[in-house]
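Below is one structure, written out as C-alpha cells; the observations come after it.
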Amino acid sequence: MQSRHYPSAIPSPSLADTVAENLRQQLIQGQLHAGQRLSEASLSEQLDVSRNTLREAFRVLVKEGLLHHEPNRGVSVVVPSIADIIDIYRVRRLIECQALAQAWPRHPAHKRLNQATDAARQMREAGDWLGVGSANMAFHAGIVALADSARLSAMFADIAAELRLAFGLLDDPEYLHAPFVDQNIHLLNLFESGDTAAAAQTLEHYLIQSERMVLSVYARRID
C-alpha cells in the first residue's frame, strides 16, 4: 500500500478531505469491509455530497492505498496483504512505543485512554466484539495523541484503517479482541503510575503478540 504524503504545513480541509475522513472513520469503525465495492449513488446520498466531491474523496483514499479503482468496474476497498500487516505493525511499534515512553502520565490524552478502556469493558459485557475492536482502535489512537503530533495522528488514522480491514477478514472477532481489553487496562495503569518505561516495554510485547495472532489467523484464511 502507498504511504500518505504529509506536507510541511497542514491546510484547512476541503469538502473532499472531510468526506475522505468520514470514509476513513467508517473503515476504522469496521463499517466498510475489505473487498467491498462502493456505490457512488448510495454514498453520495448518505454523505449528502455531489458525486464529483465523492470522486475527489475516492482519489484521496486511493492515493493513500485504502481504496482501489478499476476502470469500468468502479471503486472498492483494498484487501491488505500479509506484507502490509507486517509493515503496519512495524510502524505501530515505532510510533506508539516512543509516544508512550516519552509522555507525561497526566497528559490530557490519558482521558481518551480511560474512555476507551471503559467503552471496551461495556462492549465486552454486551458481547459486542466489533465494538470492542473499535474501542481498541480508539485506545491506540489515544496513545499516539500523547506525542502531540497532528502528523503522527493522521498517519496512525491511515494505519488503523488498514489494520481494521485486516481484522474484518477474520471470522472470530472475540478471539481477536478479547485478550486486549484487560491488557489495555494493565497498560494504562502502568502509564498512569508514572512507569512509562515499563508501559512502553509492555506495549512492545503486546504489539508483537497482536501481530502474531493476526498473521496466524490471516494466513489460515487465505490458504
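Filtering the stretch 70-128 down to residues that are of a type in the set (Asp, Glu) and over 24 Å from ALA219 (Cα atoms), which residue is nearest to the chain's Cα centre (by Cα)? Walk me through how you get there before you give the answer.
Let us first name the residues in the stretch 70-128 that are of a type in the set (Asp, Glu), namely 70, 84, 87, 96, 118, 125, 128.
Within this subset, residues satisfying the condition of being over 24 Å from ALA219 (Cα atoms) are 70, 96, 118, 125, 128.
Details: GLU70: 25, GLU96: 12, ASP118: 19, GLU125: 23, ASP128: 18 Å.
By that ranking, first place goes to GLU96.
Which residues, counting only those in the stretch 71-107, are more than 17 Å from PHE167 (Cβ to Cβ) and β-branched (Val, Ile, Thr)?
Listed by number, the residues that qualify are VAL75, ILE95.
Of the residues GLY131, GLY127, only one is at positive phi and not charged (D, E, K, R); which? Show your work before the answer.
On the way: GLY131 fails: at positive phi.
Of the residues listed, the single one that is at positive phi and not charged (D, E, K, R) is GLY127.
Please determine, by comparing only the residues of the stretch 196-223 that are acidic (Asp, Glu) and within 18 Å of PHE139 (Cα to Cα), which one is modelled with the highest pLDDT. Step through it out loud before you land on a result.
Going residue by residue through the stretch 196-223, those that are acidic (Asp, Glu) are 204, 211, 223.
Applying the additional criterion that residues be within 18 Å of PHE139 (Cα to Cα) yields 204, 211.
Working: GLU204: 97, GLU211: 93.
Checking each candidate, the answer is GLU204.
What tally of residues in the stretch 168-199 results from selecting those that are in contact with a Leu (Cβ under 7 Å, 6 or more places away or on another chain) and more than 14 Å from ASP118 (Cα to Cα)? Talk me through it step by step, then tell me what you get.
The initial filter retains those residues of the stretch 168-199 that are in contact with a Leu (Cβ under 7 Å, 6 or more places away or on another chain), namely 170, 173, 176, 187-188, 191, 196, 198-199.
With more than 14 Å from ASP118 (Cα to Cα) added as a condition, the list becomes 170, 173, 176, 191, 196, 198-199.
Adding up the residues that qualify gives 7.
Show me the helices (runs of 4 or more DSSP H) entirely contained within the stretch 6-93 in which 3 or more residues are open to solvent by less than 20 Å² (accessible area, probe 1.4 Å). Steps first, answer last, please.
On the way: elements: 15-28, 40-47, 51-63.
Those helices (runs of 4 or more DSSP H) span 15-28, 51-63.
Of the residues that sit in the stretch 185-205 and are in a helix (DSSP H, G or I) and hydroxyl-bearing (Ser, Thr, Tyr), which one is nearest to the chain's Cα centre (by Cα)?
Step one: list which residues in the stretch 185-205 are in a helix (DSSP H, G or I), which gives 185-192, 196-205.
Those still in the list that are hydroxyl-bearing (Ser, Thr, Tyr) too: 196, 202.
Numbers: THR196: 23, THR202: 20 Å.
Across the stretch 185-205, the extreme among qualifying residues is THR202.
Being surrounded by 15 or more Cβ atoms within 10 Å (Cβ to Cβ) and in a helix (DSSP H, G or I) is the filter here, so list the residues in the stretch 94-113 that pass it.
The answer is ILE95, GLU96, CYS97, GLN98, ALA99, LEU100, ALA101, HIS110, ARG112, LEU113.
Given the criterion surrounded by fewer than 19 Cβ atoms within 10 Å (Cβ to Cβ), touching a residue at least 12 places away in the same chain (Cβ under 8 Å) and either within 19 Å of ILE95 (Cβ to Cβ) or in contact with a strand residue (DSSP E or B) (Cβ under 7 Å, 6 or more places away or on another chain) (or both), identify the matching residue among ALA116, ALA150. Can you show your working first?
Working: ALA116 fails: surrounded by fewer than 19 Cβ atoms within 10 Å (Cβ to Cβ).
It is ALA150.
What about VAL181, is it closer than 30 Å to ARG37 by Cβ and hydrophobic (A, V, I, L, M, F, W, C)?
On the way: closer than 30 Å to ARG37 by Cβ: no; hydrophobic (A, V, I, L, M, F, W, C): yes.
Spelling it out, it is not the case that VAL181 is closer than 30 Å to ARG37 by Cβ and hydrophobic (A, V, I, L, M, F, W, C).
Hey, can you tell me all the residues within the stretch 171-191 that are open to solvent by 60 Å² or more (accessible area, probe 1.4 Å) and modelled with pLDDT under 95? Break it down stepwise before answering.
Pass one, the stretch 171-191, residues open to solvent by 60 Å² or more (accessible area, probe 1.4 Å): 171-172, 174-175, 182, 186, 189.
Residues satisfying the conditions are ASP171, ASP172, GLU174, TYR175.
The values are calculated or read from the model by the stated rules, or taken from the named source; none is laboratory data. Please read all numbers here as calculations on a predicted model, not as lab measurements. Note: ideal-geometry Cβ built from the backbone for every residue, glycine included; neighbour counts use all protein chains shown. Accessible surface areas use protein heavy atoms only, side chains included; no ligands, DNA or RNA. Shrake-Rupley method; radii C 1.70, N 1.55, O 1.52, S 1.80 Å.
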